[in-house]
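The values are calculated or read from the model by the stated rules, or taken from the named source; none is laboratory data. Note that the coordinates shown come from a computational prediction; the quantities given were computed from them, not determined experimentally. For neighbour counting, all protein chains shown are included, and Cβ atoms are generated from backbone atoms with ideal geometry for every residue, glycine included. Just the protein is used for accessible areas: all its heavy atoms, side chains included, with ligands, DNA and RNA removed. Shrake-Rupley method; radii C 1.70, N 1.55, O 1.52, S 1.80 Å.
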Amino acid sequence: MKLTKKSELTAMLKSYGFSFSKTLGQNFLIDDKILKKIIAAADISRKSNVLEIGPGAGTLTKELCASAGKVAAVEIDNSLIPILEAALSSFDNFTLINRDIMEVDIETLTQEIFKGAPFSVIANLPYYITTPIVMKFLESGCAVRSMTLMVQKEVAARMTAAPGSKDYGALSVAVRLRAEPKIICTVPPHCFVPQPKVTSTVIKLSIYEDPPYSVNDMDKLLKIVKSVFSQRRKTLVNSLLGSPYLKADKQQIITALNEMQLDERIRGEKLDIRQFIELSDRLSIL
Ligand code: SAM
């Protein structure tokens, strides 16, 4: 059965009594060319371990099992489990986990399945929780090599945005602190069933083996970044003073900005990553 053929996919899903859930972000990929582009971008071989989030009907999962060493997939929707078990029954390198990815302890799961070896995350993500999922992996400290992801086009723009641009925000900084983002391709709504209302983008985040930035206190840095971008129309000084995430001292911030040769009235969105790191190192916050 060809899962990328709309009529065959929908007939098969119907035979299981499955109905698509909007709440779970269920838009299944039905485009062979995009499928091939995802696999090519992910750059996997028989030596690779792959973790997929939200396998859906198993379209991408089948390709992953055919190319990778071990594949584990985490799917929240109980009604997809029998469908996935049937679709992937011929593969002995596949483990299906019926859970919410946000509830999964990534460290424990990947230790169990991949024995702590590096792994790649490959997923056509449910758009309602894209950022929490990406942040969970970036912050996990696990051996993630890369993340090849289908995301909403606007989210990909935020991940790759340059300082000062309208899309530059906390997500741009959080991604670039740990990974090199690269846009792979744009994906129009007709490549999915049912069609989403938005355009999508495949993006690859290659996690740095040797991060170009050295960060002394990641927690403090991310609190500063979050504070600045949650009140981005304010000056940096005012956004830090009004932040619910931290307590800062006005004079200390002004001194830090002066020493960094930055204008006291600068907005935080003008700072690049190195400047955020330097500012964080200069401030003592609670
Ligand atoms: N991979 C399939 C494809 O490309 O056709 C389906 C992708 S669909 C955009 C997103 C998938 O994520 C759905 O199967 C949905 O049930 C699943 N999902 C949604 N929320 C989830 C969560 N919190 N944890 C795990 N899976 C989730």
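Give the residues of segment 99-121 that are more than 9 Å from the ligand (Cβ to nearest atom) and touching a helix residue (DSSP H, G or I) at 6+ places or on another chain (Cβ under 8 Å), sorted by residue number.
Residues satisfying the conditions are I106, E107, G116, F119, S120, V121.
So that you can scan it fast, the table gives a plain yes or no per residue for (1) more than 9 Å from the ligand (Cβ to nearest atom); (2) of a type outside the set (S, T, N, Q); (3) open to solvent by less than 10 Å² (accessible area, probe 1.4 Å):
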residue	(1), (2), (3)
N27	no, no, no
D31	yes, yes, no
K37	yes, yes, no
R46	yes, yes, no
I53	no, yes, yes
G56	no, yes, yes
L60	no, yes, no
C65	yes, yes, yes
A72	yes, yes, yes
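Which of (1) within 23 Å of the chain's Cα centre (by Cα); (2) away from the ligand (no atom under 11 Å from the Cβ) is the odd one out, the single condition E8 does not satisfy?
(1)
Can you pull out every residue in segment 265-284 that is without any contact (Cβ under 8 Å) to a residue 40 or more places away in the chain and surrounded by 15 or more Cβ atoms within 10 Å (Cβ to Cβ)?
Kept after step one, since they are without any contact (Cβ under 8 Å) to a residue 40 or more places away in the chain, are these residues of segment 265-284: 265-267, 275, 278, 282, 284.
The answer is I266, R267, Q275, E278.
Does segment 177-198 contain at least one residue that is under 13 Å from the mean Cα position of the chain (by Cα) and crowded, with 20+ Cβ neighbours inside 10 Å?
yes
Run down Y168, Y213 and say which single residue is buried (at least 18 other Cβ atoms within 10 Å of the Cβ) and part of a loop (DSSP other than H, G, I, E, B). Quick ask: steps written out before the conclusion?
Numbers: Y213 fails: buried (at least 18 other Cβ atoms within 10 Å of the Cβ).
After applying the criteria, what remains is Y168.
List the helices (runs of 4 or more DSSP H) inside segment 1-120, counting only whole elements, that have at least 2 residues being under 26 Å from H190 (Cα atoms).
Working: elements: 6-15, 32-42, 59-67, 81-87, 106-114.
Those helices (runs of 4 or more DSSP H) span 6-15, 32-42, 59-67, 81-87.
So is E103 modelled with pLDDT of 95 or more and loosely packed, with under 14 Cβ neighbours inside 10 Å or not?
Working: modelled with pLDDT of 95 or more: yes; loosely packed, with under 14 Cβ neighbours inside 10 Å: yes.
Yes; evaluated as a whole, the condition is true for this residue.
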